[in-house]
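Notes follow once the structure below has been shown.
The values are calculated or read from the model by the stated rules, or taken from the named source; none is laboratory data. In this text, all values refer to a predicted model and were calculated from it rather than measured experimentally. All Cβ positions, even for glycine, are placed from backbone atoms using ideal geometry, and neighbour counts span all protein chains on display.
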Amino acid sequence: MNFITGRHITFAITGGIAAYKIPYAIRDVIKMGGQTRALITPSAEKFVSPLVLETLTNDRCYKDMFFENGRTVHIDLARDTDIIIIAPATFNTIGKIASGIADNLLTAVVSSADVPVLFFPSMNVRMWLNAINQRNVKILKKNGYTVISPESGELACGEEGVGRLPETGVIVSEINNALCPKKDFKGKRVVITAGGTIEQLDDVRIITNLSSGRMAKEVAEVIKARGSEVTFIYGNISVPLPFGAKNVRVKTGEDMEKVLKKEIKSADILIMAAAVSDYVPEKVKGKIKRKDKKVLTFHPTKDILRELGKYKKGKIYVGFALEDKNLELEAVKKMRDKSLDIVVGNTISTLNSNTGTGIIITKDGEKHKFKHQKKDIIAWEIAESIIALHKSI
Ligand SMILES: Cc1cc2nc3c(=O)[nH]c(=O)nc-3n(C[C@H](O)[C@H](O)[C@H](O)COP(=O)(O)O)c2cc1C
């Protein structure tokens with residue numbers, strides 16, 4: 001779900017080698033409808049061209065504190081934004097802000113801002129692990145700033161380790177999450193299953209289904225943006241994985257059950273959006289040859305939701321029901337049979353599509369119908385139903 005449209009986002013760029021990646025993040029934020037502004041330290045100018053930033057943001061690239069006599073530019077810039085993104089955040093700037101130093105425009109803007117500030121540190125692994133830097137990061141967090149840990153991998157200096165700036169997609173997703181107006185899933189652990197499972201017919205052929213995993217991905221992203229930790233257990237999907245989730249790949253229904261039994265123990269909420277095969281074929285060894293008519297034997301699979309019943313104690317379980325007729329009736333039946341708290345009934349046209357038609361039903365009897373609705377909006381409504389139910393139990 002896009003929380004960036006119409007918001008004012010200030011990119012505060014410091015003098016790290018990863019500064020060259022920031023114009024890509026600015027471009028993506030503009031594509032999502034964000035109003036951007038670039039603010040740089042004098043060192044950052046060595047790594048990224050102010051002209052590129054000015055062209056992208058269609059504004060001045062702000063660097064000098066004293067460029068307009070008589071105006072407190074740092075206060076204007078701090079006032080006129082919804083969020084500040086310090087990316088890359090150098091060892092030096094992290095240290096300055098943690099110590100209350102405001103000796104350039106960027107640090108002065110941050111010191112006078114009362115909007116969310118996200119730091120994306122990026123530096124050599126030894127600089128990152130330096131005890132002074134680690135202490136400074138703790139000070140920032142303690143004072144309400146968000147610090148997104150750098151990733152591990154090959155660094156610009158040729159060394160390996162923690163210190164890499166995350167990819168643009170991760171930066172944009174973190175900005176989007178920070179701008180989400182609700183944080184009511186904070187402290188919750190949510191497990192979501194997605195996509196179709198894969199069962200083997202022989203050693204070369206598989207049986208799966210048309211589930212794309214889109215609905216589950218949208219739910220994962222909305223719930224993550226609202227503050228929860230998400231474990232995303234996925235089979236065969238045709239959409240990109242959600243950013244910021246613990247993503248676990250599985251193949252068969254049996255694999256999914258095994259992973260779920262492990263992950264469910266520490267979860268507060270389970271959302272079963274995967275299309276798990278109802279049947280598993282008796283697998284033929286080798287490759288089935290083309291001959292005459294072939295009869296294959298299928299066995300019903302275990303009902304995973306029923307298997308997970310014994311782990312439920314106080315957790316909220318949400319299930320999905322895809323039905324071609326009597327949608328509401330069948331969905332309610334599924335909710336009762338499987339002791340679900342919420343069921344999302346949807347029509348076959350919802351499968352592998354960007355929109356959905358169906359109904360969200362809670363065990364309290366609340367109903368919310370949707371028709372050709374975008375899946376991110378449906379995901380938001382599912383989150384609303386979970387919160388409403390959570391408050392009532
Ligand atoms: C080629 C080069 C690359 C650098 N890359 C980084 C970096 O990735 N992270 C970092 O913290 N410092 C890096 N530095 C050091 C900073 O540029 C230096 O500490 C500077 O004072 C930072 O100023 P600022 O925080 O005001 O932008 C680099 C220096 C050079 C010469």
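Restricting attention to the stretch 8-24, and to residues there that are in a helix (DSSP H, G or I) and within 16 Å of the ligand (Cβ to nearest atom), which single residue is surrounded by the most Cβ atoms within 10 Å (Cβ to Cβ)?
Once the filter is applied, the top-ranked residue is I22.
Within the stretch 118-132, track down each residue that is more than 8 Å from the ligand (Cβ to nearest atom) and either touching a residue at least 40 places away in the same chain (Cβ under 8 Å) or over 25 Å from E151 (Cβ atoms) (or both).
Hits for the stretch 118-132 are L118, F120.
Tell me which residues, restricted to the stretch 151-181, are more than 14 Å from the ligand (Cβ to nearest atom), at pLDDT below 95, over 19 Å from Y24 (Cα atoms) and surrounded by 14 or more Cβ atoms within 10 Å (Cβ to Cβ).
none
Which one of these is surrounded by fewer than 17 Cβ atoms within 10 Å (Cβ to Cβ), within 22 Å of K186 (Cβ to Cβ), out of contact with any Cys (no Cβ under 9 Å at 6 or more places or on another chain) and touching a residue at least 60 places away in the same chain (Cβ under 8 Å): S266, S238?
Answer to the check: S266.
Take the residues of the stretch 182-210 that are crowded, with 17+ Cβ neighbours inside 10 Å and part of a strand (DSSP E or B): which is farthest from the chain's Cα centre (by Cα)?
Looking at the filtered set, the residue picked out is E199.
Scan the stretch 328-352 residue by residue and report those that are over 19 Å from G213 (Cβ atoms), surrounded by 15 or more Cβ atoms within 10 Å (Cβ to Cβ) and either touching a residue at least 60 places away in the same chain (Cβ under 8 Å) or small (G, A, S) (or both).
Hit for the stretch 328-352 is A331, nothing else.
Please specify each residue of the stretch 343-387 satisfying the condition of being part of a strand (DSSP E or B), closer than 19 Å to E221 by Cα and small (G, A, S).
Residue satisfying the conditions is G356 alone.
Restricted to the stretch 76-96, and to residues that are at pLDDT 95 or above and in contact with an Asp or Glu (Cβ under 9 Å, 6 or more places away or on another chain), which residue is farthest from the ligand (Cβ to nearest atom)?
Going through the qualifying residues, I end up with I85.
Has the stretch 107-117 got at least one residue that is within 11 Å of the ligand (Cβ to nearest atom), buried (at least 21 other Cβ atoms within 10 Å of the Cβ) and under 30 Å from G33 (Cα atoms)?
Yes; the residues of the stretch 107-117 include at least one that is within 11 Å of the ligand (Cβ to nearest atom), buried (at least 21 other Cβ atoms within 10 Å of the Cβ) and under 30 Å from G33 (Cα atoms).
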